[in-house]
Amino acid sequence: MKKLRKLFFILILLSGSNTFAAKTSKLSPFELWKQNFIDRSSKKGLSKSFLIKQLKNIKYQPSIIDKDRNQVTSSTKINYPTWIKKWIGHKPTRIQKGKANLKKYDAILTDIEKRYGVDKEIIVSLWGVETLYGKIMGKYKIIESLTTLAFDKRRRAFFENELLSALIIIKEGHIKKKDFLGSWAGAMGQCQFMPSSFLKYAQDYDGDGKKDIWTNKKDIFASIANFLKKADWKKNKSIGLLVNKKGVKKRFEIQERRSPSNYNKLGVRLLNGRLLKGKWKRRAAVISHKNSPLILRGSNYETIMKWNRSSLFAALNIMLMDAFK
């Protein structure tokens, strides 16, 4: 009798496990990955019920992967002069709008500049490069985009961490899920912080209990300044110098530090065609776009790379900062 009961119990277990296996086998690889992510993330401070609720109706978005594979900042087919003209825009240009914002928010920016030791021009420059001074923040659903990118194998570990950070932001009540919109890659707010950067650097500058990088200018500017301060920004130092490489007749090692006279001999010139001057030695950085200028790296080049590892991104901020200064 005992043997029969034992056998019956084993059959029930096997039946249950077979049912579970059958259900699991019907799930798509994306749904299986979501289950695995939920299991792992529930051990890192977020409840399983919360994770299931947030990810339940999230669908895989192939269009997000297409954008990841065709990024503008790394394109070698785009013609720089044509692209940059469009990027600067018509009157009022991006430069003119930046100058107007420097005047409009001068009191706040000056206070933040003193407190964080970060030039107010770079705060406005980054704001202008990232979202055209808050006008273009992105309309993609952050959780949906990050879930798709986290499932993709190209940068899975990175985007899994960003997805977890984004879920923490919702859990902490900084923003509602329905309003949680941003770029296709998960960047958000007027300064386009990735979720992990938000958790590390976002500031509640006015002390209202919220870190609002979506609508609060004080929090936005202070958050940018805090990131740069932690990234070792050097006040009154440049990101770099944009120079013309059209006169360069032979390839040279960009990692070698050279003086202005050395660059002049190679055929490098300022964008206005004049010779380089000064007492310094700088390495160069190449922008991938066709017919683009060359960057001679300044003291803050590596700092700006911590924000976005793109030489084009650095060039855009150099251009705006030079105009603002």
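The values are calculated or read from the model by the stated rules, or taken from the named source; none is laboratory data. Only a predicted model underlies this, so the values are computations on that prediction, with no experimental measurement involved. Cβ sites come from the backbone with ideal geometry, for glycine too, and all protein chains shown count toward neighbours.
Listed values, structure above:
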{"read-out": "Test: residue in segment 300-317 that is of a type in the set (Asp, Glu) and part of a loop (DSSP other than H, G, I, E, B)", "value": "no"}
{"read-out": "Residue ID - surrounded by the most Cβ atoms within 10 Å (Cβ to Cβ), chosen from residues in segment 237-270 that are modelled with pLDDT of 95 or more and in a loop (DSSP other than H, G, I, E, B)", "value": "ILE239"}
{"read-out": "The listed residue being part of a helix (DSSP H, G or I) and under 30 Å from LYS234 (Cβ atoms), out of LEU146, LEU109, LEU51", "value": "LEU109"}
{"read-out": "Where GLY117 falls short, out of the listed (1) within 21 Å of the chain's Cα centre (by Cα); (2) surrounded by fewer than 17 Cβ atoms within 10 Å (Cβ to Cβ); (3) in contact (Cβ under 8 Å) with a residue 24 or more places away in the chain", "value": "(1)"}
{"read-out": "Sole residue being hydrophobic (A, V, I, L, M, F, W, C), in contact (Cβ under 8 Å) with a residue 24 or more places away in the chain and more than 21 Å from TRP307 (Cα to Cα), chosen from ILE112, ILE108", "value": "ILE108"}
{"read-out": "PRO92 vs. criteria free of Cβ contacts under 8 Å to residues at least 60 places away in the same chain and not small (Gly, Ala, Ser)", "value": "yes"}
{"read-out": "Yes/no for ILE142 being among the aliphatic types (A, V, I, L, M), buried (at least 20 other Cβ atoms within 10 Å of the Cβ) and closer than 23 Å to LYS44 by Cα", "value": "yes"}
{"read-out": "Search result, residues across segment 54-85 that are in a loop (DSSP other than H, G, I, E, B), of a type outside the set (S, T, N, Q) and surrounded by fewer than 16 Cβ atoms within 10 Å (Cβ to Cβ)", "value": "LYS56, LYS59, LYS77"}
{"read-out": "Test: residue in segment 189-211 that is closer than 17 Å to ILE58 by Cβ and buried (at least 19 other Cβ atoms within 10 Å of the Cβ)", "value": "yes"}
{"read-out": "Index of the failed condition, ILE295 passing every other in (1) free of Cβ contacts under 8 Å to residues at least 60 places away in the same chain; (2) part of a loop (DSSP other than H, G, I, E, B); (3) surrounded by 16 or more Cβ atoms within 10 Å (Cβ to Cβ)", "value": "(2)"}
{"read-out": "Cross-chain or 6+ apart pairs with Cβ under 7 Å, segment 223-239 first and over 18 Å from GLU130 (Cβ atoms), then at pLDDT 95 or above and aliphatic (A, V, I, L, M)", "value": "LYS235/VAL118"}
